[in-house]
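These notes concern the structure reproduced below.
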Amino acid sequence: MKKKLNIAMIGYQFMGRAHSNAWRQVSKIFDCPFEPVMKVICGRDEAAVKQAAERYGWEEHATNWQDVVRRKDIDVVDICTTGDAHMPIAVAAAEAKKVVFCEKPLANTLEEAQQMLAAVKSNACIHMLCHNYRRAPAVLIAKRLIDEGQIGEIYHYRGSYLQDWIVDPDFPRVWRLEKARSGSGALGDLVSHTADLSRFLVGEISEVAGLLKTFIAERTLPNSTAKAPVDVDDAALSLIKFENGAIGTIEASRFALGHKNHLRFEINGSKGSVAFDLERLNELEHYLEEGPNSGFKTILATDSTHPYIDAWWPPGHIIGYEHTFIHTVLDLMRAIAEERIPTPNFEDGVRNQRVLDAIERASISGNWEPV
Ligand SMILES: NC(=O)c1ccc[n+]([C@@H]2O[C@H](COP(=O)([O-])OP(=O)(O)OC[C@H]3O[C@@H](n4cnc5c(N)ncnc54)[C@H](O)[C@@H]3O)[C@@H](O)[C@H]2O)c1
């Protein structure tokens, strides 16, 4: 019998569903060091959270996260709430000596992110940030090629994250368009992912230029006729300089018509290039200098030798978005078993937040800003 690991999850909508699926599946597919127990899911609307608990397979539901994070029988607090609630929940969970697992971006501000990091450190907690795209097998093959030197010295990182869900001016002013709840718009939501991938694959960012733009400055509140301002960016652009001399660009937008969840990066080095597109998650494009007729080739990242794939299906039987979350909770459990801090963690969250903060400052100043 494996030791049980009791999970409490706060938030039950999009990420609540994705994380519930991950906790539910992980031990059915992988040989896990623990048996995760979906103990309690927490939200503010009793009827809705009860329904979520039944549907996703949680033993209990609750409506007060302060009580939940202090429960003696809880080992891991998994934070799937809007950004404004990350810091208070994470700090309380750390003070209760729990393992703290938090959705990205770590917080709404750099200051909050630093408070969260200080709390997990001073309470000696294990902590992890959910930048799940790091755990797509194709991204890890790119990482291996880079680390082995097969791409050579890196010159360029070109990242974009494009969506189109708020182009319609009648789309309501939901929480993601309200700074007090989300911290920022495309910047925190989308740039945070592509900045994380750039740090993971290329290295630390030292300086940025930035441009944030809000195209529609007022929208109707949900289920209302009242208007409210949009005080976050609809699109965020940045030029970046890495400490190692590489340079890059990041573009994120929720106004890129036709693009639904188009996260793409391309990395060019002295010996080759790699490129990844989330909408073709099983594939890694790569170019390795091989002579005059060589061009980009595609690796189908579904061989048993590829990261995580051995536990899944035979070669060519593709995996999807939800698997990146399953891989993430697997690695969190492995880290807990080995009593180490996994990556990305709250330290990465603070570094990521420094990048977001610098892009915001650069957009205001019009200058290059240090990270
Ligand atoms: N890793 C990814 O790919 C990814 C994708 C989408 C969202 N996210 C992140 O996940 C987080 C949640 O986003 P979402 O899309 O699931 O949002 P959502 O609107 O679908 O769900 C937010 C949840 O937070 C809950 N919540 C908010 N304040 C709360 C409080 N004080 N107490 C208890 N519950 C509270 C809401 O009830 C809801 O269940 C955000 O930080 C977001 O940036 C990550």
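Are there any strands (runs of 3 or more DSSP E) wholly within the range 245-313 with 2 or more residues that are at pLDDT 95 or above and of a type in the set (A, V, I, L, M), and if so which?
Values: elements: 247-253, 262-269, 272-277, 283-288, 297-300.
In the range 245-313, 247-253, 262-269, 272-277, 297-300 are the strands (runs of 3 or more DSSP E) which contain 2 or more residues that are at pLDDT 95 or above and of a type in the set (A, V, I, L, M).
Can you tell me how many residues in the range 1-33 are in a helix (DSSP H, G or I) and under 20 Å from the mean Cα position of the chain (by Cα)?
The number of residues fulfilling the criteria is 13.
Which residue pairs have Cβ atoms closer than 7 Å, lie 6 or more positions apart in sequence or on different chains, and pair a first residue in the range 83-110 that is farther than 16 Å from Cys42 by Cα and of a type in the set (Val, Ile, Thr) with a second residue that is in a helix (DSSP H, G or I) and more than 13 Å from the ligand (Cβ to nearest atom)?
Going by the 7 Å Cβ cut-off, the qualifying pairs are Val91/Gln115; Val91/Ala119; Val99/Ile336.
Could you check the range 129-148 and list, in sequence order, the residues that are surrounded by fewer than 20 Cβ atoms within 10 Å (Cβ to Cβ) and within 26 Å of Val77 (Cα to Cα)?
Correct list: empty.
Hey, any hits in the range 204-222 for a residue that's open to solvent by less than 30 Å² (accessible area, probe 1.4 Å), in contact with a helix residue (DSSP H, G or I) (Cβ under 6 Å, 6 or more places away or on another chain), within 16 Å of the ligand (Cβ to nearest atom) and modelled with pLDDT of 95 or more?
No - not one qualifying residue is present in the range 204-222.
Return the only residue of Ala226, Ala186 being among the hydrophobic types (A, V, I, L, M, F, W, C), away from the ligand (no atom under 16 Å from the Cβ) and modelled with pLDDT of 95 or more.
It is Ala226.
Restricted to the range 314-364, and to residues that are within 16 Å of the ligand (Cβ to nearest atom) and in a loop (DSSP other than H, G, I, E, B), which residue is nearest to Ala94 (Cα to Cα)?
Asn345
Looking at Ser270, Ser198, which one is among the polar types (S, T, N, Q) and open to solvent by 20 Å² or more (accessible area, probe 1.4 Å)?
Ser270 is the lone residue from the list that is among the polar types (S, T, N, Q) and open to solvent by 20 Å² or more (accessible area, probe 1.4 Å).
The values are calculated or read from the model by the stated rules, or taken from the named source; none is laboratory data. Small disclaimer: the values here were computed from a predicted structure and weren't measured. FYI the Cβ positions are ideal-geometry reconstructions off the backbone, even for glycines, and counts take in every protein chain you see. We work out accessible area using only protein heavy atoms, side chains counted, and drop any ligands, DNA or RNA first. Shrake-Rupley method; radii C 1.70, N 1.55, O 1.52, S 1.80 Å.
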